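Okay, so here's the structure we're looking at.
Rule-based calculations on the coordinates, nothing more; no lab input. Being a predicted model, the structure only gives us computed values, none of them experimental. So basically every Cβ, Gly included, is an ideal-geometry build from the backbone, and we count neighbours across all protein chains shown.
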């Protein structure tokens with residue numbers, strides 16, 4: 001089932017991107033360049049955002065404090 005969903009999403013992505021390029025082919029070159037430039041910029045920004053978030057998650061922060069609780073066991077008086 002998962003394989004079918006993955007394959008369907010791949011075909012849908014290919015059809016949408018191919019159809020979008022087919023529609024942009026008949027447009028004014030200025031409009032086409034503006035749209036494709038915007039899509040490229042958005043994809044670059046999105047990927048750099050995810051990479052930056054991943055790198056920040058790997059960095060350790062030393063701002064956390066650790067609380068240690070000491071349990072002191074006292075020998076009962078009857079063992080002495």
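For the pair residue 25 and residue 44, how long in nm is the line joining their label points, each one 7 Å along Cα→Cβ?
2.7
With the crude spin-label approximation of a point 7 Å out along Cα→Cβ, what separation in nm comes out for residue 8 versus residue 52?
With each label point 7 Å from Cα toward Cβ, the separation is 3.6 nm.
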